[in-house]
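In what follows, a structure is listed as structure tokens, so that the remarks can point back to it.
The values are calculated or read from the model by the stated rules, or taken from the named source; none is laboratory data. This is a predicted model, so every value here is computed, not measured. Positions of Cβ are backbone-derived with ideal geometry, glycine not excepted, and every protein chain shown enters the neighbour counts.
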Amino acid sequence: MPDIEEYVEEIKDLWDSHWLTNMGAKHKEFQKQLENLLGVEHVALYCNGHLALENILEAFQMEKGGEIITTPFTFASTTHAIIRSGFTPVFCDVNPVDFTIDTDKIESLITDKTVAILPVHVYGNICNVEKIKEIADAHNLKVIYDAAHAFNVTYKGKSVSMYGDAAMFSFHATKVFNTIEGGAVCYHEDSMEQRLKDLKNFGIHGPEEVAYVGGNAKMNEFCAAMGICNLRYLSDEIQKRSVVVARYKEQLSGIDGLYLIPDQKDVVPNYAYFPVVFDKEVFGADRDEVFAKLEENGICARKYFYPTTNAFDCYKDRFDPNDTPVALDVSLRVLTLPLYADLDLAIVDKICEIIKSLNGGR
Ligand SMILES: *Cc1c(COP(=O)(O)O)cnc(C)c1O
């Protein structure tokens with residue numbers, strides 16, 4: 001969070017203008033700042049990342065009922081957005097290195113009903129964007145990235161928002177960069193601008209013309225102001241996170257039965273998450289034991305992502321998590337450790353000590 005004085009200063013204008021939402025001055029300013037930062041042609045702001053994703057799926061005007069190839073190793077939002085928008089998710093497994101979509105398994109899932117690929121830059125790890133583009137081009141499919149975890153990440157010197165037909169970022173309070181709640185869509189086609197604008201405002205195209213059955217997904221001025229303030233500290237935040245991650249790596253690298261995701265080539269990361277995968281046979285304790293031990297010590301780690309979305313109760317009888325064995329396996333063994341900019345390194349050491357105390361003196 002920014003200093004409260006700084007935020008109050010930023011929102012003072014709103015008491016003069018009385019313009020609280022509906023694409024006001026803060027909204028415009030924040031959007032411009034993001035376009036400059038990311039170097040992308042178009043940014044559309046949203047009240048959250050989830051509705052941003054639903055709006056992209058609508059805006060591309062793909063055949064309803066069409067199949068969208070995606071992964072189940074993600075937050076509920078990705079799969080729900082596909083289904084709530086009237087499409088059918090087809091689950092592709094993840095690769096065992098960085099848990100993004102396994103590009104070797106995409107083509108066998110393509111049918112004449114496939115309309116798009118919706119991969120996830122999970123934990124801020126970048127999917128194999130080149131291979132995905134190649135496959136999508138060959139089969140005339142849209143590529144929409146769930147980049148909720150990957151804000152400010154670059155690949156080969158370009159923002160991740162430059163890859164795919166569109167990318168969604170989440171600015172939820174728990175993400176690397178927040179606007180309290182919020183999200184954005186980055187896209188390249190000029191023709192999408194008006195459609196996204198209409199869709200996030202009830203489909204209202206003009207005072208007397210309602211063009212779409214839209215919902216309400218606008219970012220308000222207070223959230224935009226929060227974004228303007230927090231953007232000033234983005235590199236600071238990421239730098240501090242990198243220190244925490246470096247300490248975790250120093251403490252936990254090279255321990256048998258403990259898997260850490262290797263650094264990705266040509267990627268400047270944002271240190272959004274620190275996942276660790278446990279192999280009970282080798283390490284001596286499983287994920288749930290580590291989770292419980294940390295909890296006993298007042299430390300809240302997260303089982304991200306467990307269960308996989310294709311194992312959710314609401315999708316019982318509809319999908320089978322055994323179709324994506326790597327995702328299923330990782331979901332049972334992974335834990336993301338506490339990670340935020342001001343996390344004291346002494347606490348990182350304590351967390352690592354607790355974890356290491358469980359490996360049975362190996
Ligand atoms: C956070 C998140 C979302 C949804 O974003 P909100 O801003 O919370 O709506 C979507 N996908 C993934 C992978 C996320 O982590």
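Counting only residues that are closer than 23 Å to Glu193 by Cα, in a loop (DSSP other than H, G, I, E, B) and touching a strand residue (DSSP E or B) at 6+ places or on another chain (Cβ under 6 Å), how many does the stretch 64-87 have?
Summing the residues that are closer than 23 Å to Glu193 by Cα, in a loop (DSSP other than H, G, I, E, B) and touching a strand residue (DSSP E or B) at 6+ places or on another chain (Cβ under 6 Å) in the stretch 64-87 gives 1.
Answer with yes or no whether Lys12 is more than 16 Å from the ligand (Cβ to nearest atom), assigned to a helix (DSSP H, G or I), at pLDDT 95 or above and crowded, with 23+ Cβ neighbours inside 10 Å.
The answer is no for Lys12.
What pairs come out if I take residues in the stretch 97-118 that are within 9 Å of His139 (Cα to Cα) and pair them with residues that are among the hydroxyl-bearing types (Ser, Thr, Tyr) and assigned to a helix (DSSP H, G or I) whose C-beta lies under 6 Å away, six or more apart or interchain?
So the pair list comes out empty.
Quick test of your reading of the structure: Ala184 fulfils all but one of (1) more than 11 Å from the ligand (Cβ to nearest atom); (2) within 19 Å of Ala25 (Cα to Cα); (3) among the hydrophobic types (A, V, I, L, M, F, W, C); (4) assigned to a strand (DSSP E or B). Name the failing condition by number.
Going through (1) more than 11 Å from the ligand (Cβ to nearest atom); (2) within 19 Å of Ala25 (Cα to Cα); (3) among the hydrophobic types (A, V, I, L, M, F, W, C); (4) assigned to a strand (DSSP E or B) one by one, Ala184 breaks only (1).
Filter the stretch 135-181 down to the residues that are in a strand (DSSP E or B), within 15 Å of the ligand (Cβ to nearest atom) and either hydroxyl-bearing (Ser, Thr, Tyr) or out of contact with any strand residue (DSSP E or B) (no Cβ under 9 Å at 6 or more places or on another chain) (or both) and list them by number.
Those that are in a strand (DSSP E or B), within 15 Å of the ligand (Cβ to nearest atom) and either hydroxyl-bearing (Ser, Thr, Tyr) or out of contact with any strand residue (DSSP E or B) (no Cβ under 9 Å at 6 or more places or on another chain) (or both): Tyr145, Ser170.
Suppose we keep only residues that are β-branched (Val, Ile, Thr) and crowded, with 16+ Cβ neighbours inside 10 Å within the stretch 89-98. Which one would you say is farthest from Asp263 (Cα to Cα)?
Val90
Where residues in the stretch 51-63 are among the acidic types (Asp, Glu) and assigned to a helix (DSSP H, G or I), which of them is surrounded by the fewest Cβ atoms within 10 Å (Cβ to Cβ)?
In this case the residue turns out to be Glu58.
Can you say whether Val348 is in a helix (DSSP H, G or I) and closer than 28 Å to Thr154 by Cα, as far as the supplied structure shows?
Criteria met by Val348.
If the Cβ limit is 7 Å and pairs must be 6+ apart or interchain, which residue in the stretch 185-206 that is free of Cβ contacts under 8 Å to residues at least 60 places away in the same chain pairs with which residue that is crowded, with 16+ Cβ neighbours inside 10 Å and charged (D, E, K, R)?
These pairs meet every condition: Ile204/Asp198; His205/Asp198.
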